[in-house]
Amino acid sequence: MQNFKFTLRKMKPGTLPLFLTTLFVQLGCLLFFAIVGRYDQQDANALLTHYSAVIGLASTATMCVLAIYGTVQINHLVVQHYIGTFKQQTFLLPVDRKQLFTSRLTAFAVGLILVQLLGLLVANFLFILTELFFPILLGSPWPYLNIFFQSMLVCSGLTLVIVLFSSFVGIYMGSTTKGIIASLIFVVLLSNIAALSLISFRLLTLLFTFFALVAAGVTGDLLGNAIEKADA
């Protein structure tokens, strides 16, 4: 529990930048896609006149930015302690290796999810207010509140999945740079799928996100076992 709280305290200086990044990227993307759909209603852009499309595309763009940002943060707070000379220092600590690794990883995951959800919530709320007083899209935003909520869960969940798997790659390959490269690859692979799924297959996307999080948890547990048995 002490290691969990310590990691959360280490995250505290980066909390406000992460919140502001989430807020401005999400709100900026929502307004951008809404304006594009409002003033350029050609056949190719007709989709952007609907709330579901704007929310899906904006959430996907936010996920891409936050996945890379989160990977940089987890490299600093977790990954660097398990590669290079820092690895030897970590292994000499008088604590259970797996427990320490799991505590750090869990604390980072909780902090990342909570700050993301708060940033997305505020951004979506401000966009809804904008639509109520200065409407850009057709219709009222109220019937689409469930889509806003589902997109928040998917965006924050998939961001965490990418960040965690990227950190696993970084630890396994002994390089924070390779972890960042892995996050870029994951972003490319998931972004198009997420964008299309959030528009048309939201329930399936939620299920995929849930199982991806479970897979990340299982992989983290296996990596914890490997760290426990590794030589210093």
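Report whether or not Phe86 is among the aromatic types (Phe, Trp, Tyr) and in contact (Cβ under 8 Å) with a residue 12 or more places away in the chain. Spell out how you get there, then give the answer.
Working: among the aromatic types (Phe, Trp, Tyr): yes; in contact (Cβ under 8 Å) with a residue 12 or more places away in the chain: no.
Here the answer is no, as Phe86 does not meet what is asked.
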Please pick out the residue among Leu196, Leu137, Leu190 that is surrounded by 14 or more Cβ atoms within 10 Å (Cβ to Cβ) and within 15 Å of the chain's Cα centre (by Cα).
Leu190
Would you please list the contacts, defined by Cβ atoms under 7 Å and residues six or more apart or on different chains, that run from a residue in the range 42-68 that is part of a helix (DSSP H, G or I) and modelled with pLDDT under 80 to a residue that is surrounded by 17 or more Cβ atoms within 10 Å (Cβ to Cβ) and not charged (D, E, K, R)?
Asn45/Gly37; Leu47/Ala53; Leu48/Phe33; Leu48/Gly37; Leu48/Val54; Thr49/Gly37; Thr49/Leu137
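Among the residues of the range 69-86, is any more than 19 Å from the chain's Cα centre (by Cα), of a type in the set (S, T, N, Q) and part of a helix (DSSP H, G or I)?
The answer is yes, given that some residue of the range 69-86 is more than 19 Å from the chain's Cα centre (by Cα), of a type in the set (S, T, N, Q) and part of a helix (DSSP H, G or I).
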For residues that are among the hydroxyl-bearing types (Ser, Thr, Tyr) and surrounded by 16 or more Cβ atoms within 10 Å (Cβ to Cβ), scanning just the range 199-216, find the one that is nearest to Phe86 (Cα to Cα).
Thr209
Test Phe127 against the stated conditions and say whether it is of a type in the set (Phe, Trp, Tyr), more than 25 Å from Ala226 (Cα to Cα) and within 15 Å of the chain's Cα centre (by Cα).
no
Total residues in the range 7-20, condition surrounded by 14 or more Cβ atoms within 10 Å (Cβ to Cβ) and either modelled with pLDDT under 85 or not in a helix (DSSP H, G or I) (or both):
5
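With Val169, Val163 as the choices, which residue is modelled with pLDDT of 90 or more, within 14 Å of the chain's Cα centre (by Cα) and either farther than 24 Å from Arg38 by Cβ or outside any helix (DSSP H, G or I) (or both)?
Values: Val169 fails: within 14 Å of the chain's Cα centre (by Cα).
After applying the criteria, what remains is Val163.
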Can you tell me which residue within the range 112-139, out of those that are in a helix (DSSP H, G or I) and among the aromatic types (Phe, Trp, Tyr), is farthest from Val65 (Cα to Cα)?
Phe133
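The values are calculated or read from the model by the stated rules, or taken from the named source; none is laboratory data. Note that the structure is predicted; figures quoted are calculated from it, not measured. Every residue, glycine among them, receives a Cβ derived from its backbone with ideal geometry; neighbour counts consider all protein chains shown.
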